[in-house]
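The values are calculated or read from the model by the stated rules, or taken from the named source; none is laboratory data. Because the structure is a prediction, the values reported are computed rather than measured. Here the Cβ positions follow ideal geometry from the backbone for every residue, glycine too, while neighbour counts run over all protein chains shown.
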Amino acid sequence: MTEPTPAQQQIMGFIESEAEAGRPVPTRREIAKQFGFHSHRAAACHLEALRNKGFIEWDRGKARSLRVTSPLSKVRSRIIDIPLFGSIPAGSAQNREQEAEACVSVDIQSIGFRPTRNTFALRVAGDSMIGKHICDGDIVVFEHGPEPRSGQIVAALIDRKNTLKTFLIKNGKPFLKAENPKFPDLIPSEELVIQGVFRALIRKARE
């Protein structure tokens with residue numbers, strides 16, 4: 001079964017919440033108004049797609065007969081919140097305090113793994129990793145704990161400063177490589193602490 005889009009999930013949730021509250025099933029015009037669609041035709045298109053995917057049904061020619069046939073809870077059971085601990089410099093290493101500012105909701109099928117309590121996310125600030133297709137403003141998901149392999153992308157604390165780089169080992173010594181020729185490699189003079197190993201990338205559409 002093809003999964004509903006985020007907008008379609010919201011529409012299903014609205015239909016379910018209205019039914020659970022004992023209110024009449026919303027019409028297409030009411031759905032359009034609820035979600036700010038320009039016309040009820042946009043709502044109708046989403047409903048038709050949901051019907052074709054098997055999530056809802058209705059009686060032809062009968063008003064307010066929308067029914068959710070595949071509970072949204074089945075979809076929501078795969079949605080997990082990952083804590084977002086602010087930003088990480090993708091440029092020169094900087095001092096940054098990391099505190100949870102929000103959560104990122106992800107579908108475990110979409111990101112390809114099941115997050116654990118050691119999974120966290122950071123927002124990228126800078127363009128030193130564009131060679132790995134990681135851009136300013138992207139959200140990167142990490143796993144804290146595993147030892148990185150040479151060539152993996154990591155969130156690191158190098159000489160007490162945070163940065164996002166590729167972890168490499170040369171002649172038995174670790175260092176951090178930028179994936180942009182404008183930025184130098186970083187070699188620790190005191191310490192290198194790996195805070196997390198890259199697991200997934202989340203990118204919002206640019207306006």
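For the list (1) among the basic types (K, R); (2) modelled with pLDDT of 95 or more; (3) closer than 17 Å to I82 by Cβ, I need the number of the one condition that K165 fails.
For K165, the exception is condition (3).
I need the full set of residues from the range 174-207 which are under 22 Å from E143 (Cα atoms) and of a type in the set (D, E, K, R), in order please.
Selection gives K177, E179, E191, R199, R203, K204.
Considering only residues of the range 8-31 that are charged (D, E, K, R) and in a helix (DSSP H, G or I), which is farthest from A43 (Cα to Cα)?
E20
Within the set of pairs 6+ apart or on separate chains, which have a first residue in the range 135-163 that is more than 18 Å from L201 (Cβ to Cβ) and assigned by TED's automatic domain parsing to the domain that holds L186, a second that is assigned to a loop (DSSP other than H, G, I, E, B) and of a type in the set (S, T, Y), and C-beta atoms under 7 Å apart?
D159/S189
Considering only residues of the range 3-16 that are in contact with a Lys or Arg (Cβ under 9 Å, 6 or more places away or on another chain) and at pLDDT 80 or above, which is surrounded by the most Cβ atoms within 10 Å (Cβ to Cβ)? Let's see the steps before the verdict.
Step one: list which residues in the range 3-16 are in contact with a Lys or Arg (Cβ under 9 Å, 6 or more places away or on another chain), which gives 3-4, 8-9, 13, 15.
This time we only want the ones that are at pLDDT 80 or above, so: 8-9, 13, 15.
Numbers: Q8: 19, Q9: 18, G13: 14, I15: 21.
The selected residue is I15.
Which of (1) loosely packed, with under 13 Cβ neighbours inside 10 Å; (2) under 15 Å from R199 (Cβ atoms); (3) at pLDDT below 90 does N118 not meet, given it meets every other one?
(3) is the only condition that N118 fails.
For residues in the range 139-162 being of a type in the set (K, R) and part of a loop (DSSP other than H, G, I, E, B), which is modelled with the highest pLDDT?
Among those residues, the one meeting the criterion is R149.
Is it the case that I169 is among the β-branched types (V, I, T), part of a loop (DSSP other than H, G, I, E, B) and assigned by TED's automatic domain parsing to the domain that holds D107?
no
When you check I194 against the structure, is it farther than 14 Å from M129 by Cβ and either of a type in the set (K, R) or in the same structural domain as G137 (by TED's automatic domain parsing) (or both), yes or no?
Yes: the conditions hold for I194.
What number goes with the only condition from (1) buried (at least 21 other Cβ atoms within 10 Å of the Cβ); (2) of a type in the set (G, A, S); (3) within 27 Å of I79 (Cα to Cα) that G126 does not pass?
G126 satisfies every listed condition except (3).
I'm told L201 meets every condition in (1) in a loop (DSSP other than H, G, I, E, B); (2) in contact with a His (Cβ under 9 Å, 6 or more places away or on another chain); (3) not acidic (D, E) except one. Can you identify the failing condition by its number?
Condition (1) is where L201 drops out.
For the range 18-54, which positions are surrounded by 15 or more Cβ atoms within 10 Å (Cβ to Cβ) and more than 29 Å from the chain's Cα centre (by Cα)?
Listed by number, the residues that qualify are A19, V25, P26, R28, E30, H40.
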